[in-house]
Amino acid sequence: MKLGRAALGLLLLAPLAVRAVEPISLGLALAGVLTGYIYPRLYCLFTECCGQKRSLSREALQKDLDSKLFGQHLAKKVILNAVSGFISNPKPKKPLTLSLHGWTGTGKNFVSKIIAENIYEGGLNSDYVHLFVATLHFPHASNITLYKDQLQLWIRGNVSACARSIFIFDEMDKMHAGLIDAIKPFLDYYDHLDGVSYQKAIFIFLSNAGAERITDVALDFWRSGKQREEIKLKDMEPALSVSAFNNKNSGFWHSSLIDRNLIDYFVPFLPLEYKHLKMCIRVEMQSRGFEIDEDIVTKVADEMTFFPKEERVFSDKGCKTVFTKLDYYYDD
């Protein structure tokens, strides 16, 4: 604010100072003020700039998680504390690295979207949020050396442009083993690498690896008559890291990211129950501008398939297809 007033004062006094200052010198001074202070701020009023968004609001993030993510008490707590704590830290020692695990439709991609939206106005469409899909961007095992080089160049270039860059790697369970190790130096405890600091960047990995273990724990709690909210992170996290590390079909197979403890949190996403599907359906109805019709909510939820076959406890597709099934009841 003080600098802004100084800049404004200089502009107002410019006609009076013209006799005392050479025209070229005055022009350069004004240009410096405009370029260094006023112009960037005017520019950022019309387009997205790195770090322009207000400081992340813990309350806003919590509200989004509570109103949009269902049945995931562990994920909510970890994401809220990890992300808000990291963003509020002016000098983190390393980038924030989150590995999200669970079956399809449980909310992994959705959480990535929520995180991106709470940091950048553009969310997943922001120039500073980068999504990699294993089967799309790294399809051929024969090109793994090329992919490693491209990945390092891409991350280095984008973090150089914006320290608070977000990188999301989807389908880690389908990524070729060894490829993700190319980014290991960027996740480690280095102040700078070749003049670039990666300490404010965020890396998010999405995977189905370990989903079986998550389901086993959730099912054991259900069969014992316990509430799923009684499940603790310690019941899941160690087994998740081991499962991902030893899974030959996982991009984390024998990965140095796990071996060197560079992943900050392994976040389990529990399989969803019937009541959680209904919550998803209600939110989707509201987002489309419809009044909540409980008859339709029940019909859509009843059409979903559940496992185990005898007990029918968990949805085998989570909330992934409830949105398309809802289309049937609102088809004009």
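Could you check how much of the accessible area of the stretch 274-330 is carbon and sulfur, as a whole percent, using a 1.4 Å probe? Please list the in-between numbers first.
Details: 1720 of 3370 Å².
In the stretch 274-330, the share of accessible area belonging to carbon and sulfur is 51 percent.
Percent of Cα-Cα pairs per 5 Å bin, from 0 to the last occupied bin, for the stretch 129-186, please list those.
It works out to 4, 19, 31, 27, 14, 5, 1, in whole percents.
Sort the stretch 235-316 into rounded, prolate or oblate with this rule: let a ≥ b ≥ c be the square roots of the eigenvalues of the Cα gyration tensor; rounded if a/c is under 1.5, and if a/c is not under 1.5, prolate when a/b is larger than b/c, oblate otherwise.
Judged from the Cα gyration tensor, the stretch 235-316 comes out prolate (a/c at least 1.5, a/b above b/c).
Viscosity 0.890 mPa s, temperature 25 °C: Stokes-Einstein D of the stretch 43-109 from its Kirkwood Cα radius, in µm² per second?
Rounded, D is 176 µm²/s.
At 1.4 Å probe radius, can you tell me the per residue accessible area of the stretch 58-269 in Å²?
45 Å²
Rounded, prolate or oblate: pick one for the stretch 58-269, where a ≥ b ≥ c are the square roots of the eigenvalues of its C-alpha gyration tensor, a/c under 1.5 means rounded, and failing that, prolate if a/b is larger than b/c, else oblate.
Details: a/c = 1.79, a/b = 1.27, b/c = 1.41.
It comes out oblate by the Cα gyration axes.
At a 1.4 Å probe, what is the % contribution of carbon and sulfur to the accessible area of the stretch 58-269?
Here carbon and sulfur together make up 50 percent of the probe-accessible area.
Where does each of S315, S67, S224, S256 land when they are ordered by accessible area, with a 1.4 Å probe and the largest first?
Sorted by accessible area, descending: S224, S67, S256, S315.
Mind listing the Cα extents of the stretch 274-330 along all three principal axes, in Å, largest one first?
Extents along the principal axes, in whole Å: 36, 17, 16.
Please give every one of the lysines within straight-line cross-link reach of K148, meaning a C-alpha to C-alpha distance under 23 Å, and leave out same-chain neighbours fewer than 8 residues apart.
K94, K174, K184, K200, K248
Ranked by accessible surface with a 1.4 Å probe, highest first, in what order do S84, S197 come?
Values: S84 15, S197 35 Å².
Result of the area sort, largest leading: S197, S84.
Which links in K108/K299; K275/K317; K93/K232; K68/K309; K275/K299; K113/K309 stretch past 21 Å when you go from one Cα to the other?
Long pairs (Cα-Cα over 21 Å): K108/K299; K93/K232; K68/K309; K113/K309.
The values are calculated or read from the model by the stated rules, or taken from the named source; none is laboratory data. None of the values given here were measured: they were computed from a predicted structure. All accessible areas refer to the heavy atoms of the entire protein, side chains included, with ligands and DNA or RNA removed. Shrake-Rupley method; radii C 1.70, N 1.55, O 1.52, S 1.80 Å.
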